[in-house]
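A.B. asks: The structure is given below, and queries will be raised subsequently.
The values are calculated or read from the model by the stated rules, or taken from the named source; none is laboratory data. Please read these numbers as outputs of a predicted model, since none were measured by experiment. Cβ placement follows ideal geometry from the backbone for every residue including glycine, while neighbour counts extend to all protein chains displayed. Ligands, DNA and RNA are excluded from the accessible area calculation, which covers all protein heavy atoms including side chains. Shrake-Rupley method; radii C 1.70, N 1.55, O 1.52, S 1.80 Å.
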Amino acid sequence: MSAKPANDVMEKIVSLCKRRGYVFPSSEIYGGLGSCWDYGPLGAELKRNIKTFWWDAMTNRRDDIEGLDAAILMHPQVWVTSGHVANFTDPMVDCKKCKARFRADKLEEARCPLKPSKSPLECGGELTEARKFNLMFKTFMGPVEDESATVYMRPETAQGIYVNFLNVKNSSRQKIPFGIAQIGKAFRNEITPGNFIFRTREFEQMEMQFFIHPSEDDKWFEYWREQRWQWYESLGIRMSKLRWHQHGEGELAHYAKAAFDIEYEYPFGWHELEGIHNRTDFDLGRHMDATKKDLRYFDERFPEKFVPYIIETSAGCDRTLLTTLVDAYDEIEVKGEQRVFLRLSPKISPIKAAIFPLVNKEGMPEYAEKVYHDLKRKFKVFYDDSGAVGRRYARMDEAGCPFCITIDGQTLQDQTMTVRDRDTMEQSRMTFAQIVDFLDTKVNG
Ligand code: GAP
C-alpha cells in the first residue's frame, strides 16, 4: 500500500472516531495533549467489551488462571530489581537544527517537523550522538519532592503480578502450572508516540503470566502462542492481516529468552499487536534475591524446590481496539452513494442492535419502545425514530451496530419484526423471543 492511501485510511478512521464518539483528542478544548486520547460513549463501550472478552477467555473460562488488580504505584525498588531503571531505555537523538527528538533506531520511519515529507536522515539537519533515554515516568510520593520520595508510574502491569505470586498462590491454592491475569494502565514516556492510539504514553495492557516448571517452558510457550492466535480469530480479526514475528538476539527485551510478536498489517505497515515471552526465572529470581523472600515452588510432584519459569502473554488494549477498528473499516458504494461500514463483531460491538419504528404513527413507536426496553435488560441497544429508515441504517452501519430491528405495519398483525444484518444487508422476520435467542447467539457465541 502506498503512503498516501494509508494515511487517507487513518485520517478517515480518526475522523470517524470523533464523529461517532469512539475516540476524542484529550483536553481538546485546550488544544489537546500530545498522544493522549479520550474514549467517548462508543469507544468506552468497545474498550470494555474487548477487556471482558479477554478476561473471560483468560480467567472465567479456565480453572488455571486467577485475576489480579494491582496498584499502579509500586515500591520503587521493584523497578530497580526488575531491571527497568537500568535497561528500560530507548536510544535517542536530537536534531541540532529543529531541536526535535527521535528514536535512533526508528529514524527511517520518523518525519522531520520542518520537512514532513522527509525523514531526519534526509532533511539535512545534523543529529547528535545517540544516548539512552529511560521511558519510565517518575513522580513523588508524599509532600517532599526529593530523590527519596521518587516513585514510578508502572511501565508494564507484569511486575504487580510477580510481587503477588505468593499471595495469589497461597490464597487461591493453585498448583503449578497456573497463571495470573491482569488488565490495567501502564505509562511510558515514549520518544515518538503516534499513529493515533497505536503508540501513546498512557495505555492499558492485558497481561497474563503463566508459572511453570522450567523443564516445560518450550511446551507452554507453544501452547500460549496458539491460544493467543486463536483469541484474535475469535475476536473476528481477518487472519490474513496477522503474522508472527520472532525476536532476534539483538531485539530481545532484557528479561526474555525467547519472544514472538503477533503483528497486524495496519495502514502504516506491519507492527506488533501482542508479545508472547519466555521470561524464564528472571523476574521471580531477581525479586527473591532482592527481598530474601522464598519465591521457590514446592509440591510433592516435583523432586525439589524450584523458581518457576514464566510464559507471558502481553497485549495492548488500546492497540487491540485500534486493530478492531482498522480491520472493521469498510467503504462501499450503495445505490450510487459512498457509504462507510464498521464491520465490528457483535461480540464486541458497542451497540448490539438498534430499534426503529418504521413510521411515527399507527402504534409503531409504542411497540418499538416496548421492544427497546425489554431488550435493554439483556443487551446494549439503541432507539432511533428520526429520519428515513435508510438514513437510520446508514448511521448504524457507520457506528458499527450489527443489527437493526424495524417495527412495521405487519408487526402489529403477527408480532414479527424485520432484523436487518449490517454485513449482508438481508432482512428476516422474527418474533421477540426469536430475536432474543438470535442476539444471544451472535453476542455470546
Ligand atoms: N510486560 C511485557 C511488555 O510490556 P511490551 O512488548 O513492551 O511487553 C506489550 O508491551 C504490549 O503492550 C504491546 O504489544 C502493545 O500492544 C502494548 N504497548 C506497549 N507500548 C505501548 C504504547 N506506548 N502505546 C500503546 N500500547 C503499547
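A.B. asks: Please specify each residue of segment 191-202 satisfying the condition of being within 9 Å of the ligand (Cβ to nearest atom) and modelled with pLDDT of 95 or more. Give the derivation first.
C.D. replies: First pass over segment 191-202, keeping only residues within 9 Å of the ligand (Cβ to nearest atom): 193, 197-202.
Result: 197, 198, 199, 200, 201, 202.
A.B. asks: Then there's this: Any residue at all in segment 287-305 that is within 16 Å of the ligand (Cβ to nearest atom) and either part of a loop (DSSP other than H, G, I, E, B) or not polar (S, T, N, Q) (or both)?
C.D. replies: yes
A.B. asks: Pull out all pairs, ordered by first then second residue, where Cβ-Cβ is under 9 Å, the residues are six or more apart or on different chains, the first lies in segment 270-285 and is of a type in the set (Gly, Ala, Ser), and the second is away from the ligand (no atom under 12 Å from the Cβ).
C.D. replies: If the second residue must be away from the ligand (no atom under 12 Å from the Cβ), the pairs left are 285/295; 285/307.
A.B. asks: Might you let me know whether segment 309-329 holds any residue that is of a type in the set (A, V, I, L, M) and more than 26 Å from residue 183 (Cβ to Cβ)? Don't jump to the end; show me each part of the working.
C.D. replies: In the first step, residues of segment 309-329 are kept if they are of a type in the set (A, V, I, L, M); the result is 310-311, 315, 321-322, 325-326, 328.
Now narrow it down to the ones that are more than 26 Å from residue 183 (Cβ to Cβ): none.
No - not one qualifying residue is present in segment 309-329.
Here's the yes/no breakdown for (1) acidic (Asp, Glu); (2) part of a helix (DSSP H, G or I); (3) away from the ligand (no atom under 14 Å from the Cβ); (4) open to solvent by 30 Å² or more (accessible area, probe 1.4 Å):
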{"residue": "204", "(1), (2), (3), (4)": "yes, no, no, no"}
{"residue": "208", "(1), (2), (3), (4)": "no, no, no, no"}
{"residue": "218", "(1), (2), (3), (4)": "yes, yes, yes, yes"}
{"residue": "222", "(1), (2), (3), (4)": "yes, yes, yes, yes"}
{"residue": "228", "(1), (2), (3), (4)": "no, yes, no, no"}
{"residue": "244", "(1), (2), (3), (4)": "no, no, no, yes"}
{"residue": "250", "(1), (2), (3), (4)": "no, yes, yes, yes"}
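A.B. asks: From the list 212, 237, which residue is away from the ligand (no atom under 14 Å from the Cβ) and β-branched (Val, Ile, Thr)?
C.D. replies: 212
A.B. asks: Name the residues in segment 397-424 that are exposed (fewer than 13 other Cβ atoms within 10 Å of the Cβ) and closer than 23 Å to residue 334 by Cα, would you?
C.D. replies: The answer is 423, 424.
A.B. asks: Here's a follow-up. Kindly state which helices (runs of 4 or more DSSP H) lie completely within segment 334-445 and contain at least 2 residues that are more than 25 Å from residue 237 (Cα to Cα) and touching a helix residue (DSSP H, G or I) at 6+ places or on another chain (Cβ under 8 Å).
C.D. replies: It comes to 364-376, 409-414, 432-444.
A.B. asks: Specify the residue that is farthest from the ligand (Cβ to nearest atom); the eligible residues are those in segment 306-327 that are surrounded by fewer than 23 Cβ atoms within 10 Å (Cβ to Cβ) and more than 15 Å from the chain's Cα centre (by Cα).
C.D. replies: Looking at residues that are surrounded by fewer than 23 Cβ atoms within 10 Å (Cβ to Cβ) and more than 15 Å from the chain's Cα centre (by Cα), I get 306.
A.B. asks: Ok, one more. Given the criterion more than 23 Å from residue 193 (Cα to Cα), over 18 Å from the mean Cα position of the chain (by Cα), small (Gly, Ala, Ser) and open to solvent by less than 40 Å² (accessible area, probe 1.4 Å), identify the matching residue among 70, 57.
C.D. replies: 70
A.B. asks: Something else about it: So, in segment 152-177, exactly how many residues are among the hydrophobic types (A, V, I, L, M, F, W, C), buried (at least 17 other Cβ atoms within 10 Å of the Cβ) and farther than 20 Å from residue 90 by Cα?
C.D. replies: Final tally of qualifying residues: 5.
A.B. asks: Inspect all residues belonging to segment 352-359 and state whether any of them is open to solvent by 40 Å² or more (accessible area, probe 1.4 Å), not assigned by TED's automatic domain parsing to the domain that holds residue 12 and not aromatic (Phe, Trp, Tyr).
C.D. replies: Filtering segment 352-359 down to residues open to solvent by 40 Å² or more (accessible area, probe 1.4 Å) leaves 358-359.
After this cut, where a residue has to be not assigned by TED's automatic domain parsing to the domain that holds residue 12 as well, the list is 358-359.
From the residues that got through so far, the ones that are not aromatic (Phe, Trp, Tyr) too are 358-359.
Within segment 352-359, one or more residues are open to solvent by 40 Å² or more (accessible area, probe 1.4 Å), not assigned by TED's automatic domain parsing to the domain that holds residue 12 and not aromatic (Phe, Trp, Tyr).
A.B. asks: Of all residues in segment 164-205, which are out of contact with any helix residue (DSSP H, G or I) (no Cβ under 6 Å at 6 or more places or on another chain) and among the hydrophobic types (A, V, I, L, M, F, W, C)?
C.D. replies: Matches in segment 164-205: 165, 166, 168, 176, 178, 186, 187, 191.
A.B. asks: Step by step: first the residues of segment 304-330, then only those that are acidic (Asp, Glu) and touching a residue at least 60 places away in the same chain (Cβ under 8 Å), then the one that is nearest to residue 395 (Cα to Cα). Which residue is that?
C.D. replies: Here the answer is 327.
A.B. asks: I'd like the full set of residues that are within 10 Å of the ligand (Cβ to nearest atom) and at pLDDT below 95, limited to segment 252-268.
C.D. replies: Of everything in segment 252-268, those that are within 10 Å of the ligand (Cβ to nearest atom) and at pLDDT below 95 turn out to be 253, 255, 256.
A.B. asks: So which pairs qualify, if the first residue must be in segment 98-110 and open to solvent by 100 Å² or more (accessible area, probe 1.4 Å), the second must be among the acidic types (Asp, Glu), the Cβ gap must be under 9 Å, and the two must be at least 6 apart or on different chains?
C.D. replies: What qualifies is 101/94.
A.B. asks: For segment 277-286, what are the residues that are closer than 18 Å to residue 314 by Cβ and open to solvent by less than 40 Å² (accessible area, probe 1.4 Å)?
C.D. replies: 277, 278, 279, 280, 283, 284, listed by residue number.
A.B. asks: Look through segment 178-190, keep the residues that are open to solvent by less than 30 Å² (accessible area, probe 1.4 Å) and of a type outside the set (Gly, Ala, Ser), and return whichever of them is farthest from the ligand (Cβ to nearest atom).
C.D. replies: 178
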